[in-house]
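> So that we are looking at the same thing, I have put the structure below in structure tokens.
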Amino acid sequence: YLETSILTGSDSFQDVVVKIERPTYHKPFLGGYKNRITGVEFHNAGSQTIPKKRPDKGIKLFCRETQTVFEKNKPQQTKNTTSTQMTKIGLYVSNMTDKLVSPGKYLTAEEYHKRRLEAVIVLQTYFRRWHAINVVQNLREEKRLRLAWEAQEELRRKKEKEEKLRREHERRLNPKTKEDFELLYHALELWRQEETERINRTLTGAERKAAFCGLLEQEAQLISSIGRHKLNADEGNQQKAILHFLDKCAQPKRWKAYDGKITEMDTQDTLRARELFEIYRSISMNDIPKDERIDVLLTLRRTVKEHECNLTWEIVELIDREVDLMSREVKECNLEGLRKRICTLFLRYIKTPKFNPEVARILKVPPDPLKLYKNVNFCHSCENYLPSTEFPVSANSHTIGRCRLCCKLDNEASRREAFLKYKLILENLRKSEADYQDDAKIVFLVQHQDLQYMIENIWGCQSALSACSDLYDLFMVRWDKQREWSPWNTILLTKDEADAHLRLSNLQEAYEAAFIHRIKHKHIRAKNYFAQIPAMASFLHKSDNQANAN
């Protein structure tokens, strides 16, 4: 407590007792000042009233003012008092910098808006001129780019055509594959037909018969020349096939991991196959020095002597004979037959699963003969029992028929047709269908004979849009890209047309009704042809049900 005196009147004082309460909380610092002479600090006064505490309800509460901040922007114009000074008695103010302002012509509201409209029209005129210049420049640039692109595409097509003709010419001069000889026989048949037509048109009587005899003799000479080329090509292809077969046996095991990486692993069998492959490639090489040849033969001798049988004994005997002849300085040309025999016997050694276990999974003829009975068919033409893979079966076939070799011989002897163009179209079609990844099946059932019938009899060997008849430039694609490819959901176009067709989203808006009706008619003809095939009937019914549902 504190006792103090309070002045109550002019001369009277009253003693008052003041109760002082110690605060239970820390007062905030509200600023102040400090006497620099005495060093005493003076703080600004704060309220001594203890703030009233709110009752605790057990729930944490927040008021809106502490959560949300409201901001207001209000401009303020402060007063600025100014004054003017005029000339008067005793004061002179210069008027040299004053300006004389005279009233102008008064404008009505109508005249003002008319003036504004004329100015806007002038601005629009200049803007439209500027915009038109930009549009024309853009169109001119687009035209230039379009013409340059067309010229580049034309040059590309010309180069592709020249390259294609060059490849065909090269394939006819140096045939190597079955397709090359197929083209060669086809060209021979076209030449024979032209000569026959010329002879029938220009000659009669005995001259005509003599010309036919000469034509027959020329045809026989050409066939003989093609046969010699074929023998040479078969010899080279056989050696390539052997090396490819042995390289396939020597490949390590591969599998793809969950992260997409390819893992390779060599086993004891693959290492053995790789060792035999290297030895075979070494003994097959020609024009190697004598010392290297002897080293290779001794390595081969040590390899085959690991197994004792008649085959290995014969190989060892031939190796000893060649080494003995080489020591006697026998000429290389006299050793060719012996070396070929060593290569042939060693290839038999490699193809024996007992000596090379890895070869068992690649051989066409499995070691167990019982496995052949399930997939073997009889060819009535050559009277041989062959695997089912050696028989070409088209979609409309009811029987197995002849094997591939007999069909090829019959084609070379009589019709001499070239199926390379249809095979290329079918190959491109299967690649494009595989890219869709929608489990397409029909395209892998169709053979090139079926595709040939569709192109020749239904589509007329030409594009449905441009009537291009070059089969090398034609592609088959889906008519409706949302549905699986089938003979009744296809269209024959060039490459550029096919790319543009697949980019369309609405066929009804892109094509005329007459064109769509013509395509639908071709689809109906394809349905009628393939509906006779049992394998295609189920797909046909499924397609019809899907179309009705849509």
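The values are calculated or read from the model by the stated rules, or taken from the named source; none is laboratory data. Keep in mind that this is a model prediction, so the values were computed, not measured. We place every Cβ from the backbone using ideal geometry, glycine too, and count neighbours over all the protein chains shown. To get the accessible areas, we keep the full protein, side chains included, count just its heavy atoms, and leave off ligands, DNA and RNA. Shrake-Rupley method; radii C 1.70, N 1.55, O 1.52, S 1.80 Å.
> Hey, does the stretch 218-225 have a residue that's β-branched (V, I, T) and open to solvent by 80 Å² or more (accessible area, probe 1.4 Å)?
The answer is no, given that none of the residues of the stretch 218-225 is β-branched (V, I, T) and open to solvent by 80 Å² or more (accessible area, probe 1.4 Å).
> Here's something else I'd like to know. Looking at K421, K354, K408, which one is in contact with a Leu (Cβ under 8 Å, 6 or more places away or on another chain) and at pLDDT 80 or above?
K421
> Would you point out which residue out of E219, E194, E182 is within 16 Å of L409 (Cα to Cα) and out of contact with any Cys (no Cβ under 9 Å at 6 or more places or on another chain)?
E182
> Given the structure, is I442 under 21 Å from K161 (Cα atoms), among the β-branched types (V, I, T), in the same structural domain as I524 (by the TED database) and open to solvent by less than 70 Å² (accessible area, probe 1.4 Å)?
no
> Looking at (1) free of Cβ contacts under 8 Å to residues at least 24 places away in the same chain; (2) in a loop (DSSP other than H, G, I, E, B); (3) surrounded by 11 or more Cβ atoms within 10 Å (Cβ to Cβ), which is the only condition K176 fails?
Every condition holds for K176 apart from (1).
> Here's a follow-up. Quick check on my filter: what residues within the stretch 19-49 are in contact with a strand residue (DSSP E or B) (Cβ under 8 Å, 6 or more places away or on another chain), among the hydrophobic types (A, V, I, L, M, F, W, C) and modelled with pLDDT of 80 or more?
V40, F42
> Against the conditions (1) among the hydrophobic types (A, V, I, L, M, F, W, C); (2) within 30 Å of T303 (Cα to Cα); (3) loosely packed, with under 10 Cβ neighbours inside 10 Å, where does L271 fall short? Just the number, please.
(3)
> Hey, can you tell me all the residues within the stretch 226-263 that are of a type in the set (S, T, N, Q) and open to solvent by less than 90 Å² (accessible area, probe 1.4 Å)?
Matches in the stretch 226-263: N237, Q239, Q251, T263.
> Test R54 against the stated conditions and say whether it is exposed (fewer than 10 other Cβ atoms within 10 Å of the Cβ) and modelled with pLDDT under 80.
Yes; evaluated as a whole, the condition is true for this residue.
> Filtering the stretch 463-503 down to residues that are within 20 Å of the chain's Cα centre (by Cα) and loosely packed, with under 12 Cβ neighbours inside 10 Å, which residue is nearest to Q532 (Cα to Cα)?
My answer is Q482.
> Search the stretch 514-550 for residues being open to solvent by 80 Å² or more (accessible area, probe 1.4 Å) and among the aliphatic types (A, V, I, L, M), and hand back the single one that is modelled with the lowest pLDDT.
A549
> In the stretch 197-208, which residues are surrounded by 12 or more Cβ atoms within 10 Å (Cβ to Cβ) and in a helix (DSSP H, G or I)?
R198, I199, N200, R208
> Is there a residue being without any contact (Cβ under 8 Å) to a residue 12 or more places away in the chain and either of a type in the set (G, A, S) or touching a strand residue (DSSP E or B) at 6+ places or on another chain (Cβ under 9 Å) (or both) anywhere in the stretch 147-156?
yes
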